[in-house]
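So the structure is just underneath, and the comments pick up after that.
Read the figures in this text as sums done on the coordinates, not as results from a lab. A quick note: this is a predicted structure, and the numbers were derived from the prediction, not measured. We place every Cβ from the backbone using ideal geometry, glycine too, and count neighbours over all the protein chains shown.
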Amino acid sequence: MSISSGEPWQSAALLLLVGAGCLLAISGVPGLLLSWRSIWGSRIATALVVAGSLLGLAGGSLAVGGHGGAVIGFPSPMPGFRAGLGADALSGFFSLPVFLVGGLGALYGASYWRPRSHPRNGRRLRLCYGLLLASLTFITLARDGMAFLVAWEVMALTNFLLVTTDDEDPAVGRAGWLYLLYSHVTILCLFALFLLERQLSGDFALGVIPAAAPQSLRTAIFVLALVAFGIKAGAMPLHSWLPAAHASAPSHVSALMSGVVIKMGIYGLVRMCGLLASPPLAWGITLLAMGSLSAFFGVVFALGQHDLKRLLAYHSIENIGIILLGLGLALVGRSAGRPDWVMLGLAGCLLHVWNHALFKSLLFFGAGSVAHATGTRDLERTGGLARRMPATAGLFLLGSIAICGLPPLNGFVSELFVYLGLVRAAVTPGSAWAALPAPVLAATGALAVACFVKVFGITFLGTARSSAARDAHESPPLMLAPMAVLAVVCAVLGVAPGLAAPALERAAAAWAGQPPGGLSLAGLAPLSWISTTAAALLAAAALATAAVLPACRRGRRRAPALPTWDCGYAAASPRLQYTASSFAQLITSHFAWVLRPKVHAPRIEQLFPAPSHFDSHAEDLVLDSLLLPASRGATQVSARMRALPQGQLQRYILYILAVLVPLLIWAMAGESAGR
């Protein structure tokens with residue numbers, strides 16, 4: 001083993017990250033040696049994950065701070081293969097959410113998934129959770145294609161085991177196998193990608209692919225990267241595995257998957273696009289188109305859901321689209337020689353990677369608290385939870401504001417960077433086409449607001465729709481504390497985005513190979529104006545809360561407990577409230593051509609009809625209308641072809657001749673043409 005480094009801090013950053021990965025990998029091992037009844041297995045695993053996360057945060061901060069660059073080389077008996085691990089600003093940037101969300105998720109899971117409540121799968125979950133965090137760490141550190149593949153495969157397998165934690169549920173099993181099928185497609189594409197890269201460079205090292213390389217091979221590498229990493233990121237139309245997998249996993253695992261794991265797809269795409277010199281303009285336009293498709297239709301499909309976690313999963317697709325818009329703009333900027341587009345696009349892309357990890361993890365933790373308190377994820381069976389779970393409601397509301405891209409929270413800042421870059425591109429002569437993604441992004445934000453008004457209103461306001469909601473209770477402190485930490489960080493990045501500006505500039509320099517034209521983010525975006533406005537809005541919100549809350553408490557003590565106002569109707573019932581489906585119906589009805597909802601409505605034919613049931617469900621267009629019918633057709637064709645090899649010897653001879661004769665004719669024709 002050899003370490004190449006220019007300064008001690010570079011070695012320290014890399015060694016801290018490698019040590020963190022090793023500590024995370026072994027975090028679940030002690031629990032295997034203890035009885036499932038023992039609480040010490042969970043405590044030891046949580047302590048090791050938190051310790052490893054703190055080490056990783058230190059190492060990642062050093063790398064983001066410009067102290068990366070060290071590389072560890074591992075010799076191998078395989079010819080042409082030398083594994084390498086390294087840390088630069090880009091690696092550090094993507095590794096920080098791994099440790100923050102991973103450490104907080106371990107604390108949350110210690111209370112959410114208690115060993116005595118889940119004796120059959122608790123130890124497996126803790127082991128795979130630590131291995132997943134370790135694999136994510138080493139993916140960001142890999143500097144060789146083979147090392148990258150090993151870490152990627154460990155991530156895929158441990159993620160599958162985590163998704164299928166509750167494997168007694170048939171729906172969970174189907175979600176896990178669908179995820180595994182997509183993972184196989186991803187790994188095959190990555191094998192082909194790194195083999196093509198080796199063909200160009202002579203080894204598996206992740207090095208720059210020069211513009212002098214054959215354009216067909218460079219395009220093939222880009223397409224393979226787009227498919228492989230697009231599947232992992234959940235970008236449309238490669239997203240079909242994501243909603244079911246995120247909904248099926250335990251909530252702290254869903255937070256890790258949505259906030260961090262799918263970002264490994266973004267990391268791989270960002271890394272490979274940075275290694276491809278002189279990218280054609282069409283590549284950036286392709287990313288802009290995929291980003292627009294994912295952002296807009298991700299939020300449209302989210303509006304049609306009434307499963308809380310599945311709804312949040314579709315919002316992950318939406319936010320991946322926003323990230324791809326930033327990356328596409330940066331790639332277009334490299335093609336057009338515009339460093340300002342590169343800086344704004346990549347800053348929006350990378351900052352939204354952080355922001356989405358923060359507020360989406362917060363929202364999944366909130367969804368887990370709702371499921372923990374009520375035993376259901378169905379919005380139609382909740383309601384009135386703000387009275388029984390005020391802390392969860394307040395934190396979920398803050399995450400909802402952040403994901404909608406509203407000031408003064410962090411989601412607004414990263415989306416503003418993308419807007420500014422698109423506007424700069426649109427006003428440039430000859431680039432008016434760059435204005436097209438901007439209204440898509442604006443419409444996405446408006447639909448996101450409508451969706452989370454539905455989610456918060458149906459879940460936390462009104463009156464309880466079921467006995468489970470009436471008996472709900474607030475989550476324990478160990479579940480609320482990680483949510484509070486994420487909420488604070490969301491507010492800090494919203495009020496002081498300048499804190500992230502140096503890290504974004506270093507990551508952009510690592511991606512582009514040099515600082516983009518010597519530009520600074522502060523010179524391209526009004527960071528001071530954002531800070532001032534956000535601080536004023538937060539102060540106003542705090543003052544309004546401080547003024548209203550005491551009066552509300554006094555009024556609650558004096559006034560008798562009454563139900564929500566029922567428009568003067570005497571026989572009040574929770575069924576008179578809006579449902580999640582009816583609330584969104586005005587919007588989703590305009591997108592029925594893509595949502596293709598399945599509606600089961602009762603037929604009322606009598607004056608006093610019998611009790612009936614109404615249900616609506618929005619399909620996944622790609623999975624239910626394309627992939628599943630295609631797979632059923634392939635199964636039928638295979639079943640019919642099964643009879644072909646069964647029969648008489650004469651048939652076998654006929655099959656052989658039917659193949660050999662055309663081949664001989666083709667070979668003879670080729671020889672004749674050669675003469």
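Summary of computed values
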{"quantity": "Amide H within-cut-off set for Thr463, under 5 Å, with H built and near neighbours excluded", "calculated": "Gly384"}
{"quantity": "Base-10 log of normalised Debye intensity for region 331-548 (one unit scatterer per alpha-carbon) at q = 0.17 Å⁻¹", "calculated": "-1.13"}
{"quantity": "Over region 621-668, equivalent-ellipsoid semi-axes from the Cα gyration tensor in Å", "calculated": "33, 18, 4"}
{"quantity": "Inter-label distance, nm, simple model (7 Å from Cα along the C-beta direction), Thr635/Leu461", "calculated": "4.5"}
{"quantity": "Calculated FRET value between Leu627 and His600, using beta carbons and R₀ = 22 Å, to 0.05", "calculated": "0.40"}
{"quantity": "Sorted by Cβ neighbour density within 10 Å, fewest at the top, the residues Glu168, Glu197, Glu605, Glu505", "calculated": "Glu605, Glu168, Glu505, Glu197"}
{"quantity": "Mean projected area in nm² (Cα convex hull; one quarter of hull surface) for the chain", "calculated": "40.4"}
{"quantity": "Fewest-first sequence of Met257, Met264, Met641 by Cβ atoms within 10 Å of each Cβ", "calculated": "Met641, Met264, Met257"}
{"quantity": "Ser520 versus Ala426: modelled label distance in nm, points set 7 Å from Cα along the beta carbon direction", "calculated": "2.9"}
{"quantity": "Built amide H within the under 5 Å cut-off of Ala205, gap 5+", "calculated": "Gly145"}
{"quantity": "Relative packing of 202-208, 300-306, 436-442, which averages over residues the other C-beta atoms within 10 Å, highest first", "calculated": "300-306, 436-442, 202-208"}
{"quantity": "Mean separation of Cα contacts under 8 Å, 6 or more apart, over the residue count of region 331-548: relative contact order %", "calculated": "32"}
{"quantity": "Karplus 3J(HN,Hα) series, Hz, for region 326-336 with 6.51 cos²θ - 1.76 cosθ + 1.60 (x for Gly, Pro)", "calculated": "x, 5, x, 4, 5, 5, 5, x, 5, 5, 8"}
{"quantity": "Value of relative contact order over the chain, rounded to a whole percent, pairs C-alpha under 8 Å and six or more apart", "calculated": "11"}
{"quantity": "Ascending count of other beta-carbon atoms within 10 Å, so fewest first, for Cys451, Cys349, Cys273, Cys189", "calculated": "Cys189, Cys273, Cys451, Cys349"}
{"quantity": "In nm, spacing of pseudo-spin labels at Ala277 and Leu200 (7 Å Cα→C-beta vector)", "calculated": "1.0"}
{"quantity": "FRET efficiency for Ala211 and Leu543, using Cβ-Cβ distance with R0 set to 56 Å, rounded to 0.05", "calculated": "0.45"}
{"quantity": "FRET efficiency for Thr376 and Ala592, using Cβ-Cβ distance with R0 set to 22 Å, rounded to 0.05", "calculated": "0.25"}
{"quantity": "Region 294-304 - phi-based ³J(HN,Hα) in whole Hz, Karplus 6.51/-1.76/1.60, Gly and Pro as x", "calculated": "5, 5, 6, 6, x, 6, 5, 5, 5, 4, x"}
{"quantity": "Cα-based Lys pair tally, the chain, threshold under 18 Å, eight or more apart or on separate chains", "calculated": "6"}
{"quantity": "Potential extension, Tyr578-Arg120 segment - 0.36 nm per residue separation minus Cα distance", "calculated": "160.9 nm"}
{"quantity": "Region 139-192-region 446-465 distance, computed between alpha-carbon centres (Å)", "calculated": "34"}
{"quantity": "Net lengthening on full extension, Trp40/Ala535 (0.36 nm per residue, minus Cα-Cα)", "calculated": "173.8 nm"}
